[in-house]
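One structure below.
Every read-out reported here was derived from the displayed coordinates using simple, explicitly stated rules and does not represent laboratory data. In this text, all values refer to a predicted model and were calculated from it rather than measured experimentally. Please note: Cβ atoms are built from the backbone with ideal geometry, for glycine as well, and neighbour counts cover all protein chains shown.
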Amino acid sequence: MPRIAYVNGFYVPHGEARVHIEDRGYQFADGIYEVCLVIDGRYWDLEGHLARMDRSLKALGIDAPMDRPSLEVVMRELLIRNRLKNALVYIQTTRGVALRNHAFPGVAVPALVMTAKRFNLDQSDAQAEKGVRVITTPDIRWGRVDIKSVSLLPNVLAKQAAAEVGASEAWLVRDGKVTEGSSSNAWIVDADGALVTHPKSHEILGGITRETAIACAEELQIRVCERAFTVEEAQNATEAFITSATNLVTPVIEIDGVKIGAGAPGPVAKRLRAAYKDRARRAR
Ligand code: PDD
């Protein structure tokens, strides 16, 4: 069965899915995206993802490509056509196609693309059981990374720098503080056992997994402190981990070659990952 993508009103085989060369997403990275999980046939944390998508669109002055009920119809139809009950769905909206000119076109029809691929909550377990290594690199991104824009070149370069030394993620450092990872939020566990992560601001993407992890921590009666931390503090932390839709909660065992704690996934991150998966499975 071929993978099916949704492209501007049509369901097409993934290999044949095309957008116009003058789509402003291609020309200027003038667009936004969301990445959502589908668990047992249900979109997980849907409200959070769609609310963030609306905020991103509004911040860039891009009209919603369709109303919410229609969007949800397409999101469901995509799963049916791909026969997926557990999936990762990418939704991308750009300002649309127009002759190349930096200023917004007078008339623009927003373009909407959606893809789905198989995913299940357990597929990153092996990686989480070993833990991942991260490097740090300067955060050279623009000042509004709270917008989930498709303009990801600094993130791409940071992730590549990590990949080149066999690490899984790059933590981005601005003014001496870790903001977040190239495609995940960054966390440490302090000496008192509290979780520490950068506060929501224009300097990080407010992760939906981050929000749910905070809710899980509350349920587990683990304190959460939303403040920035330094690389040195992270290297001396008892534990570190990352969160994202694709990684869920994944322990970090090394930062720039320095082992975190015992150099193995810590108990707090493990409990939080288990609680997160449990909450995702329980949600109805
Ligand atoms: N990335 N920070 C950045 C820069 C991200 O790109 C992401 C997600 C996150 C975590 O957000 P969430 O918990 O809502 O997934 C934080 C997605 C998965 C991606 O680009 O593929």
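How long are the three semi-axes of the equivalent ellipsoid for region 54-205, computed from the Cα gyration tensor as the root of 5 times each eigenvalue, in whole Å, largest first?
Working: eigenvalues 193, 107, 45 Å².
Semi-axes, largest first: 31, 23, 15 Å.
Using the basic label-point model (7 angstrom from Cα toward the beta carbon), what is the Glu47 to Arg118 distance in nanometres?
About 3.3 nm, to one decimal.
Ranked by Cβ crowding within 10 angstrom, fewest neighbours first, how are Asp146, Asp23, Asp125 ordered? Don't skip to the answer; put the middle values down first.
Details: Asp146 17, Asp23 20, Asp125 14.
Going from least to most buried by this count: Asp125, Asp146, Asp23.
Quote to one decimal, in nm, the extra length available between Arg271 and Ile21 on full extension: 0.36 nm per residue of separation minus the C-alpha distance between them.
Difference between extended and current length: 85.3 nm.
For Tyr33, Tyr6, what's the fewest-to-most ordering of other Cβ within 10 Å of each Cβ? Show your work: numbers first, answer last.
Numbers: Tyr33 18, Tyr6 21.
Least crowded to most crowded, the residues run Tyr33, Tyr6.
Enter the angle in degrees (range 0 to 90, nearest 10) between the Cα long axis of helix 208-219 and the first principal axis of the Cα atoms of the chain, meaning the one along which they spread out most.
40 degrees
What is the local net charge at Val165, summed over the other residues whose Cβ is closer than 13 Å to its Cβ (Lys, Arg +1; Asp, Glu -1)? Could the numbers behind the result be given before it?
Numbers: positive: Arg133, Lys159; negative: Glu164, Glu169, Glu254, Asp256.
Within the 13 Å Cβ shell, the charges total -2.
Evaluate the distance, in nm, between pseudo-label points positioned 7 Å from the Cα of Ala283 and of Asp256 along their respective Cα→Cβ axes.
According to this spin-label approximation, the distance is 3.5 nm.
Put a dot 7 Å past each Cα toward the Cβ at Gln221 and Arg144; how far apart are the dots in nm?
Label-label distance for Arg144 and Gln221, simple model: 4.4 nm.
Need one number for the chain: average projected area of the convex hull over its C-alpha atoms, nm².
Numbers: hull surface 59.9 nm².
Its Cα hull, projected and averaged over all orientations, spans 15.0 nm².
Cross-link candidates for Lys277: which lysines have Cα within less than 22 Å, leaving aside residues fewer than 8 places away along the same chain?
The reachable lysines, counting only those whose Cα sits under 22 Å from Lys277, are Lys85, Lys117, Lys130.
When N counts the residues of region 124-282, how does its alpha-carbon radius of gyration compare numerically with 2.2 N^0.38 Å, as a ratio?
Numbers: Rg = 14.2 Å, N = 159, 2.2 N^0.38 = 15.1 Å.
Taking N as the residue count of region 124-282, the ratio is 0.94.
Between Phe104 and Arg81, what length comes free when the chain is fully extended (0.36 nm per residue of separation minus the Cα-Cα distance, one decimal in nm)?
Numbers: separation 23, 0.36 × 23 = 8.28 nm, distance 3.46 nm.
Taking Phe104 through Arg81 to full extension adds about 4.8 nm, to one decimal.
Report Rg/Rh for region 4-119, rounded to two decimals, where Rg is the Cα radius of gyration and Rh the Kirkwood radius. List each step's numbers first, then the result.
Working: Rg = 14.1 Å, Rh = 14.6 Å.
Taking Rg over the Kirkwood Rh, I get 0.97.
Can you tell me the 0 to 90 degree angle between the C-alpha axis of helix 267-282 and the longest principal axis of the chain, rounded to 10?
40 degrees
Which order do peptides 104-111, 80-87 fall in by mean Cβ count within 10 Å, highest first? Don't skip to the answer; put the middle values down first.
Working: 104-111: 14.5, 80-87: 16.2.
The densest-packed peptide leads the list: 80-87, 104-111.
Which order do Asp139, Asp192 fall in if you start with the one that has the fewest other Cβ atoms within 10 Å?
Values: Asp139 22, Asp192 9.
The fewest-first ordering by Cβ neighbours comes to Asp192, Asp139.
Between His14 and Gln160, what length in nm is gained on full extension when 0.36 nm per residue of separation is reduced by their alpha carbon distance?
Numbers: separation 146, 0.36 × 146 = 52.56 nm, distance 2.57 nm.
Here the answer is 50.0 nm.
Gln127 label point, 7 Å along Cα→Cβ, cut-off 17 Å on backbone N: hits in region 158-174?
158-172
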